[in-house]
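What follows is calculated from the coordinates using simple rules that are stated; it is not laboratory data. In this text the structure is predicted, and so the values were computed from the model without any measurement. Here Cβ is always computed from backbone atoms with ideal geometry, including for glycine, and neighbour counts include all displayed protein chains.
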There are 2 protein chains.
Amino acid sequence: MRCRVCRQPAVIDIRRHNANFCTEHFLKLCRDQVAKAIGEFDMIDPSDRVLVAVSGGKDSLALWDLLLDLGYQVDGLYLGLGIGDYSHASRDHARAFAQQRQAKLVEVDLPTDYGYDIPTGAKAARRVPCSACGLSKRHLFDRAALEGGYDVVATGHNLDDEAAVLFGNVLRWHTEYLGRQLPVLPAANGFPRKVKPLVRLGEREMAAYCVMRGIDYIVEECPMAVGNKHLGYKDALNAIEVTSPGSKHDFYFGFLSRAAERFRSQATAEQAELHPCPSCGAPTTADTCAFCRLVVRAGGQAPVPVQLSTGPR
Amino acid sequence: MRCRVCRQPAVIDIRRHNANFCTEHFLKLCRDQVAKAIGEFDMIDPSDRVLVAVSGGKDSLALWDLLLDLGYQVDGLYLGLGIGDYSHASRDHARAFAQQRQAKLVEVDLPTDYGYDIPTGAKAARRVPCSACGLSKRHLFDRAALEGGYDVVATGHNLDDEAAVLFGNVLRWHTEYLGRQLPVLPAANGFPRKVKPLVRLGEREMAAYCVMRGIDYIVEECPMAVGNKHLGYKDALNAIEVTSPGSKHDFYFGFLSRAAERFRSQATAEQAELHPCPSCGAPTTADTCAFCRLVVRAGGQAPVPVQLSTGPR
């Protein structure tokens with residue numbers, strides 16, 4: 001097994017590229033794929049201030065590392081979700097990485113700052129934990145970006161994540177979600193721009209990247225996610241990928257190039273209905289936004305309106 | 001376990017309906033679901049002459065049985081594909097059923113009538129067997145229907161089949177196929193109308209139907225199909241159905257109601273380009289139709305132009 005580029009002994013094979021790579025050229029491949037995704041979808045301008053959402057897992061730490069190496073101005077944001085030891089361990093990984101790379105880590109703690117945690121919040125709101133968690137994270141990422149004067153929020157969703165989400169949305173033909181499942185969501189209606197620079201890289205590659213770069217990440221899956229549907233969709237796609245390498249890539253990028261546009265009108269119509277939440281100011285189509293309703297049900301502190309950063313942008 | 005309808009002991013549970021049924025009410029459910037599909041999609045008029053494509057398997061024999069019971073004028077069509085013992089056995093099942101129900105079975109034999117069989121035809125045309133077979137069947141179903149003066153060709157595709165085909169088309173975003181993956185294709189450009197009355201019933205239900213009705217069908221899968229992608233897609237969807245009963249139904253019917261229309265334009269544009277094949281007269285977008293090219297490559301007899309039935313319709 002030899003590296004496709006230099007013919008030295010290879011350390012990893014990537015079946016969908018039908019190629020093997022040595023450490024040096026694998027790391028280069030990862031950087032090139034991220035640069036290609038950023039360029040292809042116009043994700044980040046060199047002058048942008050980027051906030052990367054960091055969970056302490058392989059994807060978000062690798063993304064932070066890659067964006068720093070590519071020369072972007074990027075800080076990390078860690079959200080404490082109050083999921084017991086898992087949250088403590090993941091925070092420690094995020095802090096250790098920040099210290100090692102001398103990068104800035106912004107921290108928000110759900111129990112301290114908002115008075116609830118994901119396990120009790122989900123129960124109170126009668127949502128599955130992953131739903132309550134996703135909702136909280138989306139709101140707080142936006143808020144932290146706006147308050148910190150960041151232009152872009154970057155998340156570590158990789159190809160496996162995006163293909164699995166797409167599969168879930170297609171299985172139920174959630175046409176409104178299909179219209180906005182894109183690697184870039186432009187800034188609009190009070191939302192910062194959101195980008196997913198890892199869409200050209202798979203889960204296994206991100207783990208290998210961290211190992212080769214000596215990045216110490218939390219290996220365990222979140223304990224609340226065990227048995228969720230998303231993991232079932234990943235399993236189903238993995239089974240197909242084994243027989244037909246490249247299936248996930250073709251599924252996701254084929255969607256972007258040949259199908260996404262067909263679902264756009266609905267998402268655009270929904271966007272036109274957005275107005276500021278009377279409680280926190282975040283854009284919503286409902287009377288009060290879903291986050292504020294969740295916080296109230298969970299018995300937390302009602303969020304105060306977003307304070308836009310007055311500092312230099 | 002009791003029947004949802006009569007509370008007598010049940011013999012089958014259908015998880016996606018969250019219900020159990022006795023033999024009598026399960027058979028009624030099957031008839032009702034077929035009648036519902038026929039009505040919902042305007043598949044068959046009582047005055048129509050129907051030709052059901054019969055393979056000797058559970059789906060096509062059950063379909064023939066159900067359509068006869070529902071009072072339609074329906075003959076069977078058996079295509080001998082020259083797949084060794086499998087073809088002989090499946091033909092015997094089709095003949096036995098026809099005799100038992102005193103129904104008319106039209107027979108076409110690929111080796112005798114066209115000078116090739118699927119295994120050698122596929123090799124010669126460098127197609128996977130299922131592709132050469134599907135192509136041959138579609139052509140010869142159309143031809144037999146037109147020559148016999150039938151209004152409709154009915155095939156035994158069940159919910160599992162359609163969901164798996166849809167999954168395959170979505171995985172690769174074959175937008176032109178998505179635009180015509182419908183339970184009814186209207187008669188047009190020399191094609192007879194084509195209908196799939198079993199789309200509301202699953203594979204397991206069709207097997208149970210045959211057992212309860214004493215229909216003796218060929219149980220083996222076609223030996224040429226072993227390991228094909230379609231079976232992989234079925235496995236993937238089955239794994240999801242176990243966790244979320246009703247997923248396949250929602251996937252297929254959600255597509256029909258909320259997505260199919262978005263892919264229609266491409267299929268319509270393709271239809272506008274159809275013209276008669278100079279060799280056999282069947283509609284095609286190419287110079288010579290794919291079937292005639294396959295026959296020539298396989299060294300068979302070039303098909304003669306279709307002779308439209310002059311008998312009463």
Original post:
Which distances in nm, rounded to one decimal and ordered from shortest, link the label point of A:Arg204 to the equivalent label points in the other identical copies, with labels set 7 Å from Cα toward Cβ?
Top reply: 3.2
Subject >> Two-decimal Rg/Rh across the protein assembly as shown, once Rg and the Kirkwood Rh are taken from alpha-carbon atoms >> reply: 1.04
**OP:** Please tell me the relative contact order of chain A in percent, rounded to the nearest whole number, where contacts are Cα pairs under 8 Å and at least six residues apart.
**Re:** 21 percent
Original post:
In percent, how large is the relative contact order of the range A:232-302, given Cα pairs closer than 8 Å and 6 or more residues apart?
Top reply: 13 percent
Subject >> the range B:144-210: C-alpha gyration tensor shape, a/c 1.5 cut-off, then a/b vs b/c >> reply: oblate
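State to the nearest 20 debye the size of the charge dipole of the protein assembly as shown about its Cα centre, where the only charges are +1 on K and R beta carbons and -1 on D and E beta carbons.
On the way: 74 positive and 72 negative charges, 4 e Å.
With only Lys, Arg, Asp and Glu charged at Cβ, the dipole is about 20 debye.
Would you mind counting up the charge near A:Leu105? Only other residues with Cβ under 12 Å from its Cβ, with Lys and Arg at +1 and Asp and Glu at -1. Walk me through the numbers on the way to the answer.
Details: positive: A:Arg91, A:Arg95, A:Arg101, A:Lys104; negative: A:Asp75, A:Asp92, A:Glu107.
Value of the local net charge: +1.
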Original post:
Each residue of the range A:27-37 in turn: what ³J(HN,Hα) in whole Hz from Karplus with 6.51, -1.76, 1.60 and θ = phi - 60°, glycine and Pro shown as x?
Top reply: 4, 5, 4, 4, 4, 5, 5, 5, 4, 5, 4
**OP:** Using the 7 Å Cα-to-Cβ label point, sort the distances from B:Gly246 to its equivalents in the other copies shortest first and give them in nm to one decimal.
**Re:** 3.9
Original post:
Taking Cα pairs under 8 Å and at least six residues apart, what relative contact order does the range B:48-145 come out at, in percent?
Top reply: 26 percent
**OP:** Write down the radius of gyration of the range B:172-313 and its Dmax, each obtained from C-alpha positions, in Å.
**Re:** 19.2, 54
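Measure up B:Lys58/B:Lys234; A:Lys234/B:Lys248; A:Lys36/A:Lys104 against 19 Å on the Cα-Cα distance and list the ones that go over.
Working: B:Lys58/B:Lys234 17 Å; A:Lys234/B:Lys248 17 Å; A:Lys36/A:Lys104 26 Å.
From the list (B:Lys58/B:Lys234; A:Lys234/B:Lys248; A:Lys36/A:Lys104), the Cα-Cα distance tops 19 Å for A:Lys36/A:Lys104.
Determine one quarter of the surface area of the Cα convex hull of the range A:44-132, which equals its mean projected area, and express it in nm² to one decimal. Present the calculation step by step, with values, prior to reporting the outcome.
Details: hull surface 25.5 nm².
Mean shadow area of the hull around the Cα atoms is 6.4 nm².
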**OP:** Note down the Stokes-Einstein diffusion coefficient of the range A:46-309 in µm²/s, whole number, using a Kirkwood radius over alpha carbon pairs, 25 °C, and 0.890 mPa s.
**Re:** 128 µm²/s
